[in-house]
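J.: Quick one: the structure is below, questions incoming.
The values are calculated or read from the model by the stated rules, or taken from the named source; none is laboratory data. Source: prediction; values computed, not measured. Here the Cβ is made from the backbone with ideal geometry for all residues, glycine too, and neighbour counts use every protein chain on show.
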């Protein structure tokens with residue numbers, strides 16, 4: 001009878017000891033590996049999202065300029081502080097709208113115009129020229 005009692009007591013103490021250091025290190029290593037995979041995936045997704053936002057804003061801006069040119073018969077030569085065509089005919093209905101933290105620029109060179117856009121940190125940028133209408137990755141210096 002005493003022997004059975006002592007065996008139960010030893011078994012009970014072992015259950016209360018908790019995890020070994022090796023078990024804890026294995027769990028920490030697995031968590032580290034999974035979190036590094038998640039961080040890399042998140043970085044790739046945020047870069048793709050930024051690019052998609054820039055390209056979408058650039059296409060919308062080119063559409064607004066084309067609409068202005070269709071309505072008035074000529075392209076705007078400048079934009080006001082709200083990014084609305086201001087000369088030769090002011091039009092507040094065709095303003096270039098961009099997403100938060102995106103910066104847009106518009107310039108006219110002879111019969112063609114160029115619209116460029118970048119994120120606020122200027123890490124990513126795209127531009128479009130009316131001569132060929134192709135969106136290109138990079139920066140235009142005005």
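J.: When you look at residue 12, is it part of a helix (DSSP H, G or I) and at pLDDT below 65, yes or no?
T.: yes
J.: Now for a different question. Just to be sure before I move on: is residue 83 on the phi < 0 side of the Ramachandran plot, touching a strand residue (DSSP E or B) at 6+ places or on another chain (Cβ under 7 Å) and surrounded by 15 or more Cβ atoms within 10 Å (Cβ to Cβ) in the structure I sent?
T.: Spelling it out, it is not the case that residue 83 is on the phi < 0 side of the Ramachandran plot, touching a strand residue (DSSP E or B) at 6+ places or on another chain (Cβ under 7 Å) and surrounded by 15 or more Cβ atoms within 10 Å (Cβ to Cβ).
J.: Still on this model: Name the single residue, out of those in segment 111-130 being over 23 Å from residue 100 (Cβ atoms) and either modelled with pLDDT under 90 or in contact with a helix residue (DSSP H, G or I) (Cβ under 9 Å, 6 or more places away or on another chain) (or both), that is surrounded by the most Cβ atoms within 10 Å (Cβ to Cβ).
T.: Ranking the qualifying residues of segment 111-130, first place goes to 113.
J.: Please determine whether any residue of segment 75-86 is in contact with a helix residue (DSSP H, G or I) (Cβ under 6 Å, 6 or more places away or on another chain) and part of a strand (DSSP E or B).
T.: Within segment 75-86, one or more residues are in contact with a helix residue (DSSP H, G or I) (Cβ under 6 Å, 6 or more places away or on another chain) and part of a strand (DSSP E or B).
J.: Can you find a residue in segment 89-99 that is modelled with pLDDT of 90 or more, in contact with a strand residue (DSSP E or B) (Cβ under 7 Å, 6 or more places away or on another chain), outside any loop (DSSP other than H, G, I, E, B) and surrounded by 11 or more Cβ atoms within 10 Å (Cβ to Cβ)?
T.: Checking segment 89-99: not a single residue is modelled with pLDDT of 90 or more, in contact with a strand residue (DSSP E or B) (Cβ under 7 Å, 6 or more places away or on another chain), outside any loop (DSSP other than H, G, I, E, B) and surrounded by 11 or more Cβ atoms within 10 Å (Cβ to Cβ).
J.: Regarding residue 72, is this residue surrounded by 12 or more Cβ atoms within 10 Å (Cβ to Cβ) and either under 22 Å from the mean Cα position of the chain (by Cα) or in contact (Cβ under 8 Å) with a residue 24 or more places away in the chain (or both)?
T.: Criteria not met by residue 72.
J.: Consider only pairs whose beta carbons are under 9 Å apart and that are at least six residues apart or on different chains; among these, list those whose first residue lies in segment 35-51 and is outside any helix (DSSP H, G or I) and whose second residue is modelled with pLDDT of 85 or more and surrounded by 10 or more Cβ atoms within 10 Å (Cβ to Cβ).
T.: Close Cβ pairs (under 9 Å, with a partner that is modelled with pLDDT of 85 or more and surrounded by 10 or more Cβ atoms within 10 Å (Cβ to Cβ)) do not exist here.
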